[in-house]
Structure formats: C-alpha cells, structure tokens
C-alpha cells in the first residue's frame, strides 16, 4: 500500500474514533459544567492539569522512541530487546514519578478534599500511561486507528459514568473515579489488540536503560517544558492572589478551561494526521529519501487548510459556541477567552508538525533551550498581565508563546534540513476563509441554527477553495473519494 493511501486510511479510521471521542468529550464538558459550576469545574481541571504534567515526565519521550525502534530496527531479536527495555524503563518511571506527584501535592495550598482527590486520580494517570505505551505499538505497525478506538471506548465509558454520577449527586471524588474506570477500559482494549503485532516483554537492564535514557532525556525534557508553557496557566490561576473582578481562583480556572477543553479536543484531529505521518517521516529521513521535502510541504499545506477556516469560524461564532458546550450559570466570560485561544490553536497545528519533524530527525536537543525560553516568557506574561486581565491574560500569553514557537521551530528546521515551507496556499486559503466567515456571520444574524450554519460554512469553504484551485494536487474532493474507495476496497 502506498504512503498516501496508508496515511489516508489511518487518518480516516482514526478520525472515526476521534469523532466519537470528541462528541463524548464535548458532552462531558456540558454535563460537568452544569453539575459542578465554574468553581467545581475549575477544581477538576486543577487536578487533571497537575497530574498531566507528571504524565509527560513519565513518558520521557519513550513513546516516540518505541515507535522509532519498531519502524527502524530491522533485526527482530534486537527490536524485541529494545522494546522490552523501553517497557521496563516506562514501568519504573511510572512508579517513581506518580509517587512523587502524590506526595508533592500536600505542599500546595489547596484544601484537603482537592488534595485527596488528586491522590485518587493519580491511578487514572497510571492507567493511561500504560495504555499509551501499547498505543505506540499500534503506531509502529501502522494501525493507529486501534489506539483511537481504545481512547474512544474509554471516553464513552467515562462519559456514561459521569452522567450517572451527576444524576445521583455523588460529587467530585466520584467523577475522578469515573476517569479511573474509563482509562482502565482503554488499557485493557490496547493490551488485547496489541498482542497480534507484538507482545511487549519487560526487561530491566541498567546498561540498556542508560542508552535509552540518553536518547529519551532531551525529548522528555522538551515535552515536559512544552506541556508546562501550555498548561502552567491552570496552576498559576489556581494560586494567584487577588484576581480582578472578585472571582475565586477555582472560578478563574473554570472560566479559562471551558474553551480550552474544547480546543484541546479540536487539536486531536491534526494530531491524528501527524501520528499517521510520523513513521514515514522517520523512515524517509533515516534513508535520506528525497521525497521527504515534498511530504513535508503537503503536510504543511493540509494543516494550513484546516487551521485558517477554524480560526475564522470560531472567532465569528464564539458567542454561539460557548452556550453549546456549557450549561448551568453564566459562562459568557469564556467567550473572549475562546476568541483569543483559537489563535494559539491555529498556530499550534503547524507547531506540532514542526515538533514531530524535528523529533523524526532526532534533533530534539535543539528544542530544549528554545522551550525553556518559551516557558519563561509565558510565565512572565502571566504574572504581568494576570492582575489586570485574569484568565484572559493566560490566553494572551499562550498566543504570544505559540507565535514564537512557530518562527523559531521552522528556523531550526531550515538550518537542519534546508527546507522552509512554501506559503503559496496561504493567500487563497485566507481569502476563502474570510468569505466563509462573512457568510457564516450573515447567516448567524439571520437566525440560522448553529450546527446547520457550521456545516454550511464548512461545505462553502471547501467548495470555494476547490473553485479557486486552492486545494493541493491530489487533495481535491474527487481525488480523496477515489483514494477512499481504493482504501476500503
């Protein structure tokens, strides 16, 4: 099967799982915001973002190293030993890092109920860390749709249980328990299906650990810093004294995280594409295949085609989107936050691609110092702006950071491989997106249903883009349908 067809097949089947995951995630936001309110929703997100940082530390870049080992090591015995050592190191890191997370939380000035909730929720992150390890096996063997289906299964179970908890009024601790059960289902699904490709053994070898850690440490540090500059706003908001407007810290987190959760879900779609693309990037770069630059340009064009209309449409319809994803109380303060954050998300589509490309070239060490700079700039911007803008300060800091990441990372890519993305598609995409935005705005003012308006906007965008020949070669509706037919056949 060709690279294009394989990537397309994986992306299509992953997208099915991602759509299920996205719908249940959005429904869960609506249910939880209505049940917990801004204060309770903020407390939930403090726990999740705190433990999420330690989840990144646990990985240490081992996920991508596992994929690289499966796709690049030809000798099956050597591959099995390498994978077994990565699994062993992952288990050790899970035990050490999450024990540290559970202990450190008692140094934070949160109330005891939240601290105990975070300790209980640690088990959910242990389970998802193990599930992600098996997802790496799926990616290495080009069956990434299995990982997407596992995530979707876990999220559906999580959502059903959350609805039951809210109906029975069992409280925040019970919601943490639903996360544990959902992640356990995800792990079990991945564990069963991965056995048809590879049965990961566990190997504890100090010399092998040292070799793996040498490769993993720069990547792990880079990922941890990247997570921090995106998510540190939650912790800063939860601790910052005397926020403007008389809101509590947990309320500020809740107002900020409602749109942020939506955008996190949206970011899953380009991530699926990059997951499907990564094994080929690794292979082509290791073989010095000339096709890699063409592949990079097509990927850049595709992500640009997604990012620009998403940016325009969200800005236009933000005041309709927030009531759709939230319930209970007044969430109107999240509207401006959404309009700011969507700019950061648009840039992050391209930044994630740049990060994957540098990792595929094993150039992660070059990202450590820039990422430390991004972290520092983001932190300072939060501290300077938060007394005046509260949660909107965090959104602005995120936008500034993502813009810096874009320019610096693509500069590094040019220095490493002599490739810079062509921007020929950007003009047509921007023009068509603006036309779409005007149409959507007009239809909204005429009272058209939000969902119907969004669908009309999407169809109009791709129709106009095709009409002005803005779609890259091989990506017209006819080409995609033809490839889809061949893939299914």
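The numbers here are math on the coordinates, done by the rules we state, and not lab data. What you see is a predicted model; the values in this text were computed from it and never measured. Note that we place each Cβ from the backbone using ideal geometry, even for glycine, and neighbour counts take in every protein chain shown.
Here the label points at residue 264 and residue 163, each 7 Å from Cα along the C-beta direction, are separated by 2.2 nm in the simple model.
Please say if the stretch 349-389 is rounded, prolate or oblate, where rounded means a/c under 1.5 for a ≥ b ≥ c the square roots of the C-alpha gyration tensor eigenvalues, and otherwise the choice is prolate for a/b larger than b/c and oblate otherwise? Taking the square roots of the gyration eigenvalues as a ≥ b ≥ c, the stretch 349-389 is oblate.
Against the empirical curve 2.2 N^0.38 Å, the C-alpha radius of gyration of the stretch 32-106 lands at a ratio of 1.56. Size descriptors for the stretch 117-260, from the alpha-carbon set: Rg then Dmax equal 18.9, 56 Å.
Quick check on the stretch 130-191: take the gyration tensor over C-alpha atoms, sort the square-rooted eigenvalues as a ≥ b ≥ c, and tell me if it's rounded (a/c under 1.5), prolate or oblate. If you can, show how the numbers build up before the last one.
Numbers: a/c = 4.55, a/b = 2.81, b/c = 1.62.
Prolate, because a/c is 1.5 or more and a/b exceeds b/c.
Note on residue 324 and residue 384: their simple-model spin labels are 3.6 nm apart, each label 7 Å out from Cα toward Cβ.
Between the stretch 99-118 and the stretch 346-394, the C-alpha centres lie 27 angstrom from each other. In the chain, inverting the average of 1/r over every pair of distinct C-alpha atoms gives 23.4 Å as the Kirkwood radius. Taken over the Cα atoms of the stretch 339-442, the convex hull encloses 106 Å³ per residue. Taking 16 Å as the cut-off, the amide N atoms of the stretch 193-207 that come nearer than this to a point 7 Å along the Cα-to-beta-carbon line of residue 96 belong to 203-207. Per residue, the chain reaches -30000 deg cm²/dmol at 222 nm when only DSSP H runs of four or more residues are counted, each adding -39500 (n - 2.57). For the stretch 309-360, the alpha carbon positions stretch 46, 20, 14 Å along the principal axes, listed from largest to smallest. Here the peptides 296-302, 204-210, 160-166, 146-152 are ranked by packing, the mean other Cβ count within 10 Å, and the order with the highest first is 146-152, 296-302, 160-166, 204-210.
Give me the tail of P(r) for the stretch 385-446 as a percent: Cα-Cα pairs with distance above 14 Å. Within the stretch 385-446, distances greater than 14 Å cover 75 percent of Cα pairs. Here the gap between residue 420 and residue 466, fully extended at 0.36 nm per residue and compared with their Cα-Cα distance, gives a gain of 14.1 nm. Largest first, the extents of the alpha carbon coordinates of the stretch 212-269 on the three principal axes equal 49, 30, 11 Å. Compute the Cα gyration tensor for the stretch 279-406, then decide on rounded, prolate or oblate, letting a ≥ b ≥ c be the square roots of its eigenvalues: rounded whenever a/c is under 1.5, prolate when a/b is larger than b/c in the other cases, and oblate in all that remain. Here the stretch 279-406 falls in the oblate category.
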